[in-house]
Amino acid sequence: MNDNVIVRINCPSCNNESFDEIYQLDLMAREMLSYLKNFYDPQGGVEIQLLKGWKYILCKCKCCELIFQKEILNDHLMEKLYEHWLDPAIQLSDSKRHNVAYYSNLSEEIKQVIDYFVRHPSELKFLGFGMGWGEWCKMAKAYGCSVAGVELSVTRNRYAQENAISTIEPNELPNHQFDFINTEQVFEHIPNPLITLQSLKKSLAPGGLIKISVPDGVHARKVLRRNEWSAPKGTKNSMNIVAPLEHINCFN
């Protein structure tokens, strides 16, 4: 066993102890090595030797039916993954290639949220939790809302601050109250989604909302049966919804 690997013994969504192992693939299996190389090399590259002892094991909770990876990276390797194996310079460059439709959708979503509260934007406090490169935060700020972001990546935090987005350390969240907390493509990545959600709820102002947006995993079992590790991201048979290392929780 790799000391940098954590074994989850409870469902991270409902804390149930009863689950079935539904899929397993060894790190050194041809399909896994090929996937990690093809997916990560263009983005930076994985140090395979640091993963020695890790196994890709998918479990399905018998209670809430969440599909989750049993063995996940600890904080040290998570930092390696998001700050080094996924090269920040490449990630930032990609984030700047969004088309007009992307920004139009962001704008419309934030407008709908502001309309829901029936208050002037300057009276609203928004939080981007797991804000990435802060695109959502920047759009909300453009509407006149008070905006802050939480992001574990040092590089992304620095970039947000350079773009006038306030950043908050996770342990400081209890000192703040927000009307709206946005979590966009975040909960599939975090080790303890239930605990995280309970913590975020404490930072909601009365009448506040939390938005959770995750990849649609309703067809995960079909994808696993097809077992096409070479299927490109975005295609019908792509394994991306249960992506090794990153998508450690798959919600139906």
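Taking every DSSP bridge with both residues inside the chain, close to 50 percent are antiparallel.
Would you mind classifying the stretch 1-132 by shape? Square roots of the alpha carbon gyration tensor eigenvalues, ordered a ≥ b ≥ c; an a/c under 1.5 is rounded, otherwise it is prolate if a/b is larger than b/c and oblate if not. Judged from the Cα gyration tensor, the stretch 1-132 comes out oblate (a/c at least 1.5, b/c at or above a/b). For the stretch 105-252, rounded, prolate or oblate, judged on the Cα gyration tensor with a ≥ b ≥ c (square roots of eigenvalues), a/c < 1.5 rounded, else prolate if a/b > b/c? The shape class here is prolate.
Sort the stretch 125-188 into rounded, prolate or oblate with this rule: let a ≥ b ≥ c be the square roots of the eigenvalues of the Cα gyration tensor; rounded if a/c is under 1.5, and if a/c is not under 1.5, prolate when a/b is larger than b/c, oblate otherwise. Let's see the in-between values first.
Numbers: a/c = 1.23, a/b = 1.03, b/c = 1.20.
It comes out rounded by the Cα gyration axes.
Look at (i) 21.2, 87; (ii) 18.8, 56; (iii) 17.5, 51: the one that is Rg and Dmax of the Cα atoms in Å derived from this structure is (ii). For residue 138, the lysines whose Cα falls under 26 Å of its own Cα, not counting residues fewer than eight places away in the same chain, are 96, 111, 125, 201, 202, 211. Per-residue ellipticity at 222 nm from helix content only, as computed over the chain with -39500 (n - 2.57) for each DSSP H run of at least four residues, stands at -8500 deg cm²/dmol. Only protein heavy atoms count here; under a 1.4 Å probe, residue 96 has an accessible surface of about 130 Å². Can you grab the distance from the C-alpha centre of the stretch 176-209 to the C-alpha centre of the stretch 30-90, Å, no decimals? So the separation of the two Cα centres works out to 24 Å.
Ordered by solvent-accessible area of protein heavy atoms (1.4 Å probe), largest first, the residues 133, 54 come out as 133, 54.
Accessible area ranking (1.4 Å probe, heavy atoms, ligands and nucleic acids excluded), largest first, for 116, 23: 116, 23. Applying a DSSP loop filter and a limit of 11 other Cβ atoms within 10 Å to the GluC sites (Glu not before Pro) in the stretch 9-85 leaves 17.
The values are calculated or read from the model by the stated rules, or taken from the named source; none is laboratory data. Just so you know, these numbers come straight off a predicted model, no measurement behind them. In this analysis, Cβ positions are derived from the backbone assuming ideal geometry, glycine residues included, and neighbour counts consider all displayed protein chains. What goes into the accessible areas is simple: the full protein's heavy atoms, side chains included, and nothing from ligands, DNA or RNA. Shrake-Rupley method; radii C 1.70, N 1.55, O 1.52, S 1.80 Å.
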